[in-house]
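The values are calculated or read from the model by the stated rules, or taken from the named source; none is laboratory data. Quantities reported herein were computed from a predicted structural model and do not represent experimental measurements. Here Cβ is always computed from backbone atoms with ideal geometry, including for glycine, and neighbour counts include all displayed protein chains. These accessible areas exclude ligands, DNA and RNA; they are computed on the full protein's heavy atoms, side chains included. Shrake-Rupley method; radii C 1.70, N 1.55, O 1.52, S 1.80 Å.
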Amino acid sequence: MRRILITLLLAVVSLSWIPASADAATSVPPGNRNAEQPPVPGASVRRTRGTSSTFDRKYQKVRELLATDKKLMSKIKSTARAYGIDPIHIIGALVGEHTYNVDAYDGLQSYYVKAASYAGQSFRFAYNGENVDDFIARPQFDACKSRQDSYSLWICREDVWEDDFRGKTVGGKSYPDNRFSAVFFQPFYAGQTFGLGQVNPLTALELSDLVSRTSGIPKLDEKDAGGVYKAIMDPDLSLAFVAASIRKSIDDYRSIAGMDISGNPGITATLYNLGNSRKRAAALAAKNRGSSQPVWPEENYYGWLINDKLSDLKSLL
């Protein structure tokens, strides 16, 4: 049922105030819609306290990395150009991740070293002994076979997981009430984080076609977990996936909700943090249907920080 509703929302977006042409999408105003920062999740608070740090210290550390590592900043700018986005969006994503999720390393070289530490390791994407490749061969996923690109293919598979497997017992086997990415794509331990952009392996698989077309990076394969990890941990590759994620969010909101979010880095940072830009754009479109005034997308705690610190972050460019 959820897949049917989402399909209808995506197929029929009739907003009275939105122009007929997606090229004339309504620009989302700059800045935050919330006067105060929305609550930061308890897990992020506990993780930061556990390292005897604070969000402000972590912000300053990642800011210092961006301010002093000219090689990194050059990579950010060139990658942004390739994906047709303002580099401030990539900066916002990196700052948000390293402020609320992990501490930044002292230099870009440390990210290369970390990536190298995973090279050659033998592991796979699986749950309870079942490879994800075997899992998605089940008949419940047959409807996804017609999807032509990696993004719609893996989004479809996520939807099937949510509708038919999550928190259910199927064929005598019970499945956790958790996200598809958390169940099948964290072979080391729950909460494992990945590289400069903290890209999730499933997100990388979704963006594989876009990244391959734009950056020439070979397409990823869920059967080659090592190849996926290399792509999301090597700074020379992972920034492309960060940019592609942001590009996809901007395109989804333009085509589905009729809104141009490219001028609001707090919104793109929010979507980078939350994921599922396609579904969120469809939900926003539903809220706006028949409305005489637009209901704007709102930033979460992560995006709020980026807009609040925007002048400081833009000075890095």
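Here are the numbers for the structure shown:
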quantity	calculated
Rel. contact order, % - alpha carbon contacts under 8 angstrom, at least six apart, the chain	31
Extreme residue, positive dipole direction of the chain, given options S117, L317, S181 (C-beta unit charges)	L317
Accessible surface, the chain, averaged per residue in Å² (probe 1.4 Å)	46
Ordering of 286-298, 231-243 by burial proxy (mean other Cβ atoms within 10 Å per residue, highest first)	231-243, 286-298
Cα gyration tensor, segment 232-313 - rounded (a/c under 1.5), prolate or oblate	oblate
Kyte-Doolittle mean at least 0.0, axial Cα span of 27 Å or more - DSSP H helices of the chain	235-257
Label-reachable residues, segment 93-127, where backbone N falls under 17 Å from a point 7 Å from V45's Cα toward its Cβ	100-101
Proximal charge balance of R63 [Cβ under 15 Å; K/R count +1, D/E count -1]	-2
Segment 166-317: C-alpha gyration tensor shape, a/c 1.5 cut-off, then a/b vs b/c	oblate
Order by protection proxy (mean Cβ within 10 Å, highest first), peptides 106-113, 244-251, 223-230, 38-45	244-251, 223-230, 106-113, 38-45
Where labels lie 7 Å past Cα in the beta-carbon direction, separation of D308 and D177 in nm	3.2
Surface share of carbon and sulfur [accessible, 1.4 angstrom probe, percent] for the chain	49
Inter-site label distance for L316 and K71 at 7 Å from Cα along Cβ, in nm	1.8
Amide H within-cut-off set for Y127, under 5 Å, with H built and near neighbours excluded	V132
Cα shape, segment 127-240, gyration tensor, a/c 1.5 rule	oblate
Net lengthening on full extension, R124/S52 (0.36 nm per residue, minus Cα-Cα)	22.5 nm
Structure-based [θ]222 nm, the chain - -39500 (n - 2.57) summed over DSSP H runs of at least 4, per residue, nearest 500	-16500 deg cm²/dmol
Flagged links, alpha-carbon separation over 24 Å, of K71/K114; K75/K248; K168/K287; K77/K279; K173/K230	K168/K287; K77/K279; K173/K230
Estimated inter-spin distance, K145 and R33, nm [label 7 Å along Cα→Cβ]	4.1
Amide H contacts under 5 Å for G263, placed H, 5+ residues apart	V28
